[in-house]
Amino acid sequence: ESTTVVVIGAGPAGLTVGNLLRRSGVDCVVLERQTRDHVAQRQRAGIVETRAVRMFDAWGLADRVLGGVPSEGILEFRVDGESHLVSDGDGSEGLGARICPQQVLVQKLTDTFLADGGDLRFEAADISLNDLTGERPTVRYRTADGGLRSISCAFVAGCDGDHGISRTAVPDGVLTAHAFDHDIGWLTVLADAPPPTYPLLAISEQGFAAHFPRGPYTSRYYLQCPPDDDPEAWSDERVWDALRTRLGDPVLGSGPITDREIFRLRSLVHDPMQYGRLFLVGDAAHIVSPMGGKGMNLALYDADVFARAVADFVRDGDESALRGYSERCLRRVWNDQEFSHWLTRTVHDAGDDSRCGPFERNLARARLDRLFTSPAAARSFAELMTGMD
Ligand code: RFL
């Protein structure tokens, strides 16, 4: 069997690569380890930034991929219970950001890809990548009924996240990993409870908390906690009490909690994002701490750059965009890492005094004050939120 691109992983990155390649008339096969149901239910990110919305629009996919999804333009910061609304629109003409739960985006990307005749194979086990530095790499895998398959291709798109196999196919010493651990934990809770009016970030002495919409009757909440804390130590009652205190909202509506876990805020960049004919796309290449909502959006950016580069090569034999892939993507990755790092530090340092001393706490408060009072600072923030920089 033979194709132009084998895409490993059917998350936001892999499905976007697949759809954009099909739009360019480039054939590809997408291999996903999990079942379709599993992938369609995985809940994580929730905001598609302005740049990514316009990217789908430029590819003629905005209606199919984001149709009916509500738009977003305001973010609420609540500092010790006092509300400050910040625009995350940069005032430019055109489509703006959308509140789109990751699983909704994944479902719509899957539907679009399959409706266009895309080749998407679930339950592909034991994938191995071979001859990545040769002319025609080979991807081998096992089907659900145990059959062995082999696909030869011109390029492999490694879109299988931070724990996938693509990056492990790169020999030691080729990639440099730049890692940062904030030493902060977040308890994340999903509940069937009313969403906030605006996505809400709350700074308080008890620590950071956030409340984001995830559908008409669903909310995701975050509560800063020690990174090694045990989710079992957070009873429903303790979660709602902590949220009411930190959000400064004694009458916050509650509801059944459907998921709760604790994760560390960390960032990771692999440089370069390419090895031979393997291109790493999305979380396979980089993790960005969730504050600022950039992880999924970076995956969509990489996918766009990669698909255009492959199309250049297939259409005109022009390899320059493929050669520049890693450098171009890493430039944006570091820009978004910086934004996410800045926002992470600001919202955590400004609240809980035990994390840092009073000096840094006051610095963080000054940064927030500048954001709320200086139009130039607000505009710079909006530019970073939209991704249109
Ligand atoms: P994904 O989504 O991890 O998809 C990878 C796909 O590859 C499959 N796979 C394999 N397939 C075949 N063979 C193998 N060996 C495989 N190993 C894995 C997996 O089953 C899966 O289908 O990576 P992708 O596509 O790069 O997308 C990245 C985003 O998922 C990620 O950046 C975001 O979820 C990060 N993130 C957020 N990003 C935002 O932009 N805004 C947010 O608000 C936001 N909130 C979050 C987040 C991540 C979170 N987690 C994971 C801790 C909130 C949370 C809680």
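Looking at 316, 349, can you tell me which residue is assigned by TED's automatic domain parsing to the domain that holds residue 62 and not β-branched (Val, Ile, Thr)?
316
Pick from 97, 52: which is within 12 Å of the ligand (Cβ to nearest atom) and at pLDDT below 95?
The unique qualifying residue is 97.
Can you tell me how many residues in the range 105-126 are within 10 Å of the ligand (Cβ to nearest atom), under 17 Å from residue 42 (Cβ atoms) and among the charged types (D, E, K, R)?
Total satisfying the criteria: 1.
Given the criteria within 14 Å of the ligand (Cβ to nearest atom) and more than 30 Å from residue 131 (Cβ to Cβ), does residue 300 qualify? I'd like the intermediate steps shown before the answer.
Details: within 14 Å of the ligand (Cβ to nearest atom): yes; more than 30 Å from residue 131 (Cβ to Cβ): no.
The answer is no for residue 300.
May I ask you to verify whether residue 291 is of a type in the set (A, V, I, L, M), under 21 Å from residue 349 (Cβ atoms) and either free of Cβ contacts under 8 Å to residues at least 24 places away in the same chain or not in a strand (DSSP E or B) (or both)?
Working: of a type in the set (A, V, I, L, M): yes; under 21 Å from residue 349 (Cβ atoms): yes; either free of Cβ contacts under 8 Å to residues at least 24 places away in the same chain or not in a strand (DSSP E or B) (or both): yes.
Taking the combined requirement at face value, the residue satisfies it.
Using the structure shown, decide if residue 340 is within 27 Å of residue 277 (Cβ to Cβ), touching a residue at least 24 places away in the same chain (Cβ under 8 Å) and within 26 Å of the chain's Cα centre (by Cα).
Against the criterion (within 27 Å of residue 277 (Cβ to Cβ), touching a residue at least 24 places away in the same chain (Cβ under 8 Å) and within 26 Å of the chain's Cα centre (by Cα)), residue 340 does not qualify.
Could you count how many residues in the range 231-259 are under 21 Å from residue 82 (Cα atoms), surrounded by fewer than 17 Cβ atoms within 10 Å (Cβ to Cβ) and of a type in the set (Lys, Arg)?
1
Conditions: (1) near the ligand (Cβ under 8 Å from one of its atoms); (2) in a loop (DSSP other than H, G, I, E, B); (3) free of Cβ contacts under 8 Å to residues at least 60 places away in the same chain. Residue 38 meets all but one. Number of the miss?
Residue 38 satisfies all of (1) near the ligand (Cβ under 8 Å from one of its atoms); (2) in a loop (DSSP other than H, G, I, E, B); (3) free of Cβ contacts under 8 Å to residues at least 60 places away in the same chain except (2).
Sort out which residues of the range 168-184 are out of contact with any Phe, Trp or Tyr (no Cβ under 9 Å at 6 or more places or on another chain) and in a loop (DSSP other than H, G, I, E, B), and write them in order of number.
Across the range 168-184, the qualifying residues are 172, 173.
Could you tell me whether the range 236-249 includes any residue that is within 16 Å of the ligand (Cβ to nearest atom), out of contact with any His (no Cβ under 7 Å at 6 or more places or on another chain) and not aliphatic (A, V, I, L, M)?
There is no residue in the range 236-249 that is within 16 Å of the ligand (Cβ to nearest atom), out of contact with any His (no Cβ under 7 Å at 6 or more places or on another chain) and not aliphatic (A, V, I, L, M).
Residue 187 fails exactly one of the following numbered conditions: (1) away from the ligand (no atom under 11 Å from the Cβ); (2) outside the structural domain of residue 297 (by TED's automatic domain parsing); (3) in a strand (DSSP E or B). What is the number of that condition?
Residue 187 satisfies every listed condition except (1).
What number of residues within the range 21-35 are assigned to a helix (DSSP H, G or I) and surrounded by 24 or more Cβ atoms within 10 Å (Cβ to Cβ)?
The total comes to 1.
Can you go through 256, 290, 272 and tell me which one is in contact with a strand residue (DSSP E or B) (Cβ under 9 Å, 6 or more places away or on another chain) and within 8 Å of the ligand (Cβ to nearest atom)?
Criteria check complete, one pass: 290.
Counting just the residues of the range 129-148 that are surrounded by 13 or more Cβ atoms within 10 Å (Cβ to Cβ) and in contact (Cβ under 8 Å) with a residue 40 or more places away in the chain, which one comes out nearest to the ligand (Cβ to nearest atom)?
Here the residue is 141.
Out of the residues in the range 83-110 that are touching a residue at least 12 places away in the same chain (Cβ under 8 Å) and of a type in the set (Asp, Glu), state the one that is surrounded by the fewest Cβ atoms within 10 Å (Cβ to Cβ). Lay out the reasoning, then the answer.
Residues of the range 83-110 that are touching a residue at least 12 places away in the same chain (Cβ under 8 Å), as a first pass: 84-92, 94-110.
Next, from what is left, pick out any that are of a type in the set (Asp, Glu): 88, 90.
Details: 88: 23, 90: 18.
Here the residue is 90.
Just need a number here: residues in the range 19-35 that are basic (Lys, Arg) and within 12 Å of the ligand (Cβ to nearest atom).
Total satisfying the criteria: 1.
Being without any contact (Cβ under 8 Å) to a residue 40 or more places away in the chain and either in a loop (DSSP other than H, G, I, E, B) or out of contact with any strand residue (DSSP E or B) (no Cβ under 9 Å at 6 or more places or on another chain) (or both) is the filter; apply it to the range 190-217 and report the residue that is farthest from residue 261 (Cα to Cα).
The residue in question is 216.
Okay, residues lined up against (1) more than 16 Å from the ligand (Cβ to nearest atom); (2) among the charged types (D, E, K, R); (3) in a strand (DSSP E or B); (4) touching a helix residue (DSSP H, G or I) at 6+ places or on another chain (Cβ under 9 Å):
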{"site": "57", "(1), (2), (3), (4)": "yes, yes, no, yes"}
{"site": "68", "(1), (2), (3), (4)": "yes, no, no, no"}
{"site": "90", "(1), (2), (3), (4)": "yes, yes, no, yes"}
{"site": "150", "(1), (2), (3), (4)": "no, no, yes, no"}
{"site": "161", "(1), (2), (3), (4)": "no, no, no, yes"}
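Quickly run through the range 92-120 and pick out the residues that are part of a loop (DSSP other than H, G, I, E, B), within 22 Å of residue 26 (Cβ to Cβ) and touching a strand residue (DSSP E or B) at 6+ places or on another chain (Cβ under 8 Å).
First, pick out the residues of the range 92-120 that are part of a loop (DSSP other than H, G, I, E, B): 92-97, 100-101, 116-118.
Retained after the next criterion (residues that are within 22 Å of residue 26 (Cβ to Cβ)): 116-118.
The one that is part of a loop (DSSP other than H, G, I, E, B), within 22 Å of residue 26 (Cβ to Cβ) and touching a strand residue (DSSP E or B) at 6+ places or on another chain (Cβ under 8 Å): 118.
Are any of the residues in the range 381-389 assigned by TED's automatic domain parsing to the domain that holds residue 203, surrounded by 20 or more Cβ atoms within 10 Å (Cβ to Cβ), touching a residue at least 60 places away in the same chain (Cβ under 8 Å) and of a type in the set (Phe, Trp, Tyr)?
Yes; the residues of the range 381-389 include at least one that is assigned by TED's automatic domain parsing to the domain that holds residue 203, surrounded by 20 or more Cβ atoms within 10 Å (Cβ to Cβ), touching a residue at least 60 places away in the same chain (Cβ under 8 Å) and of a type in the set (Phe, Trp, Tyr).
The values are calculated or read from the model by the stated rules, or taken from the named source; none is laboratory data. From a predicted model like this one, the values you see are computed outputs, not experimental measurements. Every residue, glycine among them, receives a Cβ derived from its backbone with ideal geometry; neighbour counts consider all protein chains shown.
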